[in-house]
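The values are calculated or read from the model by the stated rules, or taken from the named source; none is laboratory data. On a predicted model such as this, the values are computed, not experimentally measured, just so you know. All Cβ positions, even for glycine, are placed from backbone atoms using ideal geometry, and neighbour counts span all protein chains on display.
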Amino acid sequence: MASAVTGTRAAESADAAPARLVPTKTPRLGGASGHTGDVTVAREELRRYYHATSALYDRLFDLIRADEAYYQRWEPLRHPLIFYFAHPAVFYVNKLIAGRFIPQRLDARLEAMMAVGVDEMSWDDLNTAHYDWPAVAAVRDYRHGLRGLVDRFITTMPLELPIRQDAPAWIILMGIEHERIHLETSSVIMRQMPLCHLRRPEELSAAEVRIWRACTQTGPAPANPWIDFPAVGVTLGKPATDDTYGWDNEYGTEEVHLPPFSAARQLVSNGDFLRFIEAGGYRDASWWTDEGRGWLDYTRAEHPRFWVRDGVGFKQRNLLEEIPLPLDWPVEVNCLEAQAWCAWQRATTGQNVQLPTEAHWLALRQATGLPDQPDWDTAPGNINLEHFAGSCPVTMFPQGPAGLCDVMGNVWQWTRTPIMPFKGFEIHPLYDDFSVPTFDGRHNLIKGGSWISTGNEALVSARYAFRRHFFQHAGFRPIIDAPGHDAVTAGSRLYETDSLVTQYLEFHYGPEALGVGNFPTACVAAVLPHLPADRRRRCLDIGCSVGRSAFEFARAFAHVDAIDFSARFIQSGVRLQQGDEVLYEVPTEGELTVSRSVSLDKLGLTRGPGAEGLAGRVLFMQGDACNLKPLYSGYDLVFAGNLIDRLYDPALFLAGIGERVLPGGILAITSPYTWLEEYTPKAKWIGGRREAGEPLDSFSGLSAALAGRFRLVHRSDIPFVIRETARKHQHSIAELSVWRRHG
C-alpha cells in the first residue's frame, strides 16, 4: 500500500505526470486494466486520477492573467470564476462530511459559501451581494491543503473491488468526475471573458501549449449529405454491472424502437448556420418556438454567442484567441437556436428536419462500431483533450463504416429529449441534487462530448442536460425523422415520482388523516402566539422540506428564508411558488395509486398584502443546517421542524443557531426524537442514550445545549400522521419547545 503524502508531495507527484496530464480516462471500478482485483494497483490508479484531475483544473485557471478577473460575472447565469475555482474542491469535503467519512472540515466558511449555486435554479444564490469572496491566494491554499487531505484519505481508506456506490472510493470518484464537469463549464465561461484577461497562446510554456493547443486547419464549409439508417431498436441506460463510474440518471433501462431515419454526415458547420443568419433567421420569429421567441426578445441576439462581429463578417471566439470565422468548424449554439435552424430547414426543404432524440444519437454511436472510452489507445475523435483545446473541422474525424463524423467529440450535440429518469432510477443519497432538479421538462440532453470532455463525460452512457437557453461547447447534428415522432420539449405539468417527496407532499399538503390536523399549519399556529406582531419581520424555516410551513409563516412575516439540504424537496416548493400545479400519486394498496394535485391557489396561499402575495415573501435556498452561510442571520424566528434528529451533528447546529436569532427572538424546535445511526452517529445524539451510565433524554440534552443563550417559554406535544398507504399510517408525536433568546 502506498504511503500517505503531504500536500506538497501530492502536487509534485501530479506535476511529474506527463504533460497531457494523463490519465484522463475514468478508471474501472474493478481495478486497472490487466490488474483486475489488485487493490494496491487500483488504489494507486485512483490516486493518480485524482491528482491529474486537480492539476489539470489548476492549469485551466492558470490561463487567467490577473486576480481581478476572477470576480466579474462574465456569464450572467453563472457565478464569478472565483466560485468555480473553489467549488469542486469544497465538494470533496462537503460530501465526505455528509457521508461521515472524515471528522472535521478544512474551512467551514468557505465550504458553506462555495457549496451550491451553479445552475439557473430558483434556489441557487446568484446574488453577488451575498458573497464576501475570498482572495484567489486563499482558494489556492485551500486547494493545496485539500490535495493533501484527499491523498491521505485515498491512501488509508478501506478499499474493496469492485468499487460500489456506498464505498468511500465512490465519493472520491464522484468528486473527481464533478471537477471534470467544471473543467468544461469553467472553460465555457472563459470563452466569454475579454481576451485581455487571459494569457495569449504565445505566452504559454511548452507544457501548457501541449495541453491548450488550438487547431489551425480551416476551409470552406463542406457539403453535408444525408445518410439513411434502417429501423432499429436501442436500449438506453447504463447497467448496474457497468465497471465505470456513473451518475444517478445514467442507470436504469429504456427500450426504444426507431423507425427508419436519415442523419447528416457531419455536425452543422458555421457555414451552414451562416446561411440561416443571412436568410434573416434571427429576425423571423416564425422559425422560433415560444420559448425561443422569449429568449430572442430578451437577449436581442443576432448570431451565436461565440461569434464576434468583424465589420461585415464574423470572427469566432475560442478559448484564448479570436480567429476569422472557420466555416468548416461546427457551429456552437444553444438548443433554441438549433431548433430554429431545424424549423427553417423544414420550411426550406419540405423534409421533417429535427434534432435527434437521445435514442437516435445512441443508434448513430452504435453504428460507428467504436470502443468506449476506457478501451481507447488514442481518442478516435476530438475529445478527452487528446487532440485540440478547441473545435476543429467537421470532417477531420470520420468515425465508423457509415462515414459519419464527430458522433463523439468536437462539440456536444443537442437532442430534443428533455432529460428524465430511466425505469429503476435511484438517487445517490450523498448527491440527491445532481439530476433531480433537471427533471422538469426544461432541460434537454446533450450527447457525444466536446474537445474538453474527459472522464465520465466521454463515456457513451454520459447523460448531461442544460436549460435550452444555456451555452456549452455544443452544436447539433440534424436528422430527417418519420412524421409523428416529434418529442415534447416543453411543459411543467409533470408527475412527481420520487416516493419520499410524494410522501412529504402528502404530509404537507394532503387531506387530514386519522383525525389529526395538518402538522405544518399546527406548528405555525402553536409558535406565533409567542412572538409579538411587531417582531415578525424575518423568519428562517430550516429543514423546510416541500415548503408548507414556509408558506404558512409568510402569512405573518414580511420575509421567510426556507432552507433545506435536499434540492428534491425544495424543487416542489419552488414549483408551487411559481404558480405550477404539482401532480403526484400516493399508494393505496399494492400497485394501485390515487392521483393528487396541489397548488397554492387551492390552499389560499397566494393572496396577501402587497403585489407579490404570500408566495413572493418566501425565498427557497439549499443549505446545510450545520454549516449555514453567514448571511442567514438577523431572524425574529427560527423554526426547525422535525430536523434535530436528522442532522449529522445536532450539537453543532444548536451551538451556532443562536447567533442567527435576534435578541428577544424565538427558536422553535419540533422533534419526535427518533434517533437513528443512519442519520446521526450515536456519539452525537443529544439524547436517547446513556451518559456516564445515566439516561439522558432528548429534552434535557436540548436544554443543556441551549442554556445560557435561550430560556424556555413553551413546551407541548403536536401529533402528526405520515400516510404510507390507504390503510397504513405512521402516527407520531413531536415535542414542540419554544425558546426565547436573551436580550
| request: Residues that are over 30 Å from the mean Cα position of the chain (by Cα): find the strands (runs of 3 or more DSSP E) completely inside the stretch 522-614 holding 3 or more of those. | output: 592-598
| said: So if I check each of Leu528, Leu576, which one is touching a Phe, Trp or Tyr at 6+ places or on another chain (Cβ under 9 Å) and within 29 Å of Arg740 (Cβ to Cβ)? | reply: Leu528
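Yes/no matrix, rows are residues, columns are (1) at pLDDT below 90; (2) not acidic (Asp, Glu):
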residue: Asp580; (1), (2): yes, no
residue: Thr606; (1), (2): yes, yes
residue: Gly613; (1), (2): yes, yes
residue: Phe620; (1), (2): no, yes
residue: Leu643; (1), (2): no, yes
residue: Arg646; (1), (2): no, yes
residue: Gly658; (1), (2): no, yes
| note | Filter the stretch 203-232 for residues that are part of a loop (DSSP other than H, G, I, E, B) and in contact with a Ser or Thr (Cβ under 6 Å, 6 or more places away or on another chain); the one that is farthest from Gln266 (Cα to Cα) is Ala221
| Yes/no for Pro162 being outside the structural domain of Leu628 (by TED's automatic domain parsing), touching a Lys or Arg at 6+ places or on another chain (Cβ under 9 Å) and farther than 18 Å from Gly31 by Cα | no
| task | Looking for whichever is surrounded by fewer than 21 Cβ atoms within 10 Å (Cβ to Cβ), among the acidic types (Asp, Glu) and over 16 Å from Gly280 (Cα atoms) here; the options are Glu321, Glu332, Glu358. Which one fits? | result | Glu321
| Has the stretch 722-742 got at least one residue that is more than 22 Å from Phe557 (Cβ to Cβ), assigned by TED's automatic domain parsing to the domain that holds Glu512 and in a helix (DSSP H, G or I)? | no
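Given the options Phe439, Phe425, name the one that is under 17 Å from the mean Cα position of the chain (by Cα) and surrounded by fewer than 19 Cβ atoms within 10 Å (Cβ to Cβ).
Numbers: Phe439 fails: surrounded by fewer than 19 Cβ atoms within 10 Å (Cβ to Cβ).
Sole residue among the options that is under 17 Å from the mean Cα position of the chain (by Cα) and surrounded by fewer than 19 Cβ atoms within 10 Å (Cβ to Cβ): Phe425.
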| said: Quick check on the stretch 13-22. Is at least one of its residues of a type outside the set (S, T, N, Q), closer than 30 Å to Leu319 by Cβ, modelled with pLDDT under 95 and in a helix (DSSP H, G or I)? | reply: yes
| task | Evaluate the stretch 136-159: report whether one residue or more is at pLDDT 95 or above, in the same structural domain as Arg191 (by TED's automatic domain parsing), over 22 Å from Asp649 (Cβ atoms) and part of a loop (DSSP other than H, G, I, E, B). | result | yes
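Ile181: under 19 Å from Phe61 (Cβ atoms), part of a helix (DSSP H, G or I) and under 21 Å from the mean Cα position of the chain (by Cα), yes or no?
Values: under 19 Å from Phe61 (Cβ atoms): yes; part of a helix (DSSP H, G or I): yes; under 21 Å from the mean Cα position of the chain (by Cα): yes.
When the stated conditions are applied, Ile181 passes them.
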| note | Among (1) over 36 Å from the mean Cα position of the chain (by Cα); (2) without any contact (Cβ under 8 Å) to a residue 40 or more places away in the chain; (3) surrounded by 13 or more Cβ atoms within 10 Å (Cβ to Cβ), Gly708 falls short only on (3)
| task | Just give me the residues in the stretch 434-477 being in a helix (DSSP H, G or I) and over 20 Å from Asp375 (Cβ atoms), in sequence order. | result | Val436, Pro437, Thr438
| Arg617 versus (1) crowded, with 21+ Cβ neighbours inside 10 Å; (2) farther than 26 Å from Arg535 by Cα: which is the lone unmet condition? | (2)
| field | Scope the stretch 23-34; condition under 14 Å from Glu160 (Cα atoms) and either at pLDDT below 65 or hydrophobic (A, V, I, L, M, F, W, C) (or both); matching residues | value | Leu29, Ala32
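Here's the yes/no breakdown for (1) small (Gly, Ala, Ser); (2) farther than 30 Å from Arg199 by Cα; (3) in contact (Cβ under 8 Å) with a residue 24 or more places away in the chain:
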{"position": "Gly313", "(1), (2), (3)": "yes, no, no"}
{"position": "Gln316", "(1), (2), (3)": "no, no, yes"}
{"position": "Leu325", "(1), (2), (3)": "no, no, yes"}
{"position": "Leu336", "(1), (2), (3)": "no, yes, yes"}
{"position": "Trp341", "(1), (2), (3)": "no, yes, yes"}
{"position": "Gln345", "(1), (2), (3)": "no, yes, yes"}
{"position": "Gln351", "(1), (2), (3)": "no, yes, yes"}
{"position": "Leu355", "(1), (2), (3)": "no, yes, yes"}
| Does Glu512 satisfy the criteria of being surrounded by fewer than 19 Cβ atoms within 10 Å (Cβ to Cβ), free of Cβ contacts under 8 Å to residues at least 60 places away in the same chain and not aliphatic (A, V, I, L, M)? | yes
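Residue-wise test of (1) touching a Ser or Thr at 6+ places or on another chain (Cβ under 9 Å); (2) hydrophobic (A, V, I, L, M, F, W, C); (3) touching a residue at least 24 places away in the same chain (Cβ under 8 Å); (4) on the phi > 0 side of the Ramachandran plot.
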site	(1), (2), (3), (4)
Gln366	no, no, yes, no
Gly369	no, no, yes, yes
Phe425	yes, yes, yes, no
Asp432	yes, no, yes, no
Gly441	yes, no, yes, yes
Gly449	no, no, yes, yes
Ala458	yes, yes, yes, no
